[in-house]
Amino acid sequence: MTITRMVTLVLAFTAAGAIIGASVGALIGVIGGNFYVSMFDAADPVSFGIGAGLAQGIVMGFIFGCLIIVLQVVLIKKCKD
C-alpha cells in the first residue's frame, strides 16, 4: 500500500464521516430539536446539529480511516513473515 493510497483512504473515510455526521446531526435537529435546545441552549437546533455532527463525523472518520490502515499494515506484515 503506497502513501498516496493511504492518504486517499483516510481522506475518503473523513469525508464520509463528515457527510454522515452532518446528516445525522441535522436529523436529530429536525426530529428532536428540543434535545439540542435543552442541552446546549442552541437557538437553531438544525444548524447546531449539522455543526456538531460534522465535527464528530470528521473525527470519527479520521480515526476509522487510520485504524483501517494500521490493520492493513499489520496483516501485510504478518503475511510476509
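Every number here is computed from the coordinates shown, using simple stated rules; none is lab data. Because the structure is a prediction, the values reported are computed rather than measured. Cβ atoms come from the backbone with ideal geometry, glycine included; neighbour counts cover every protein chain shown.
Taken together, the residues in the stretch 1-51 that are within 26 Å of Ile68 (Cα to Cα), surrounded by fewer than 12 Cβ atoms within 10 Å (Cβ to Cβ) and either in contact (Cβ under 8 Å) with a residue 24 or more places away in the chain or not charged (D, E, K, R) (or both) amount to 4.
Taken over the stretch 52-61, the criterion of being closer than 9 Å to Val10 by Cβ and surrounded by fewer than 17 Cβ atoms within 10 Å (Cβ to Cβ) is satisfied by no residue.
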